[in-house]
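J.: One structure, as structure tokens, below. Some questions next.
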Amino acid sequence: MATAQLPYSPARTFSAAETQRRRETRRPAGWLGVEAEIVGTGRRAQGRLLDTSSGGLGLVLNERLPLGTAIRITPTDPTVGGSHWQGREARVVYSAELPGGSWRMGLAFTFARPSSLQMWGTRAVLLSAMLASVASVPATQGESMLASSLVGVIVAVLFAGSEWQHRSEVTAYQRAVASQKNATA
């Protein structure tokens with residue numbers, strides 16, 4: 001198996017535009033051998049993982065992939081496991097030819113759209129619990145009434161928390177989509 005090679009280069013400096021675009025810190029990946037599966041085609045390309053971040057990956061492949069191509073990266077060594085990037089879908093956002101015919105690629109992870117159906121289900125369950133708690137208050141006395149009220153308060157806090165989490169996920173998704181559009185533009 002031929003593997004992609006990257007020529008030795010002393011410390012690289014980044015332009016102000018490159019520095020501003022990067023939000024996450026990169027962590028070296030030790031030239032880990034990887035296989036890039038082009039999503040939907042079954043095609044695979046061999047390469048080396050250069051670095052990782054919470055937002056994407058840097059790698060060298062033996063072939064050029066067009067910007068916007070969706071791929072999944074897996075290590076060629078089956079004993080390597082537990083990495084946050086394994087099996088996640090990412091899109092090519094940067095591509096540069098290297099001496100020797102290999103390609104330096106920058107990948108940005110794609111994010112799943114938050115499920116509105118799941119959120120509506122959560123709302124229905126919590127609303128039912130709230131109604132049951134409120135309906136039980138008049139029928140209870142003493143400590144039972146205090147317990148019913150406490151359950152109602154807990155359900156209200158859970159409801160507010162689930163709404164906040166859903167809105168945060170929607171905002172993160174919208175930012176990721178906008179960031180990917182800017183990176184490929």
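The values are calculated or read from the model by the stated rules, or taken from the named source; none is laboratory data. In this text the structure is predicted, and so the values were computed from the model without any measurement. Glycine gets a Cβ as well: all are built from the backbone with ideal geometry, and neighbour counts include every protein chain shown.
J.: Restricting attention to the range 70-92, and to residues there that are at pLDDT 80 or above and crowded, with 20+ Cβ neighbours inside 10 Å, which single residue is nearest to the chain's Cα centre (by Cα)?
T.: My answer is A90.
J.: Read through the list (1) surrounded by 14 or more Cβ atoms within 10 Å (Cβ to Cβ); (2) of a type in the set (V, I, T); (3) over 30 Å from L49 (Cα atoms); (4) modelled with pLDDT under 80, then give the number of the only condition that T140 fails.
T.: Result: T140 passes all but (1).
J.: Is it fair to say A124 is surrounded by 14 or more Cβ atoms within 10 Å (Cβ to Cβ) and either within 36 Å of the chain's Cα centre (by Cα) or touching a residue at least 24 places away in the same chain (Cβ under 8 Å) (or both)?
T.: So A124 fails the test.
J.: Can you tell me which residue within the range 25-53, out of those that are in contact with a strand residue (DSSP E or B) (Cβ under 8 Å, 6 or more places away or on another chain) and among the hydroxyl-bearing types (S, T, Y), is surrounded by the most Cβ atoms within 10 Å (Cβ to Cβ)?
T.: Looking at residues that are in contact with a strand residue (DSSP E or B) (Cβ under 8 Å, 6 or more places away or on another chain) and among the hydroxyl-bearing types (S, T, Y), I get T52.
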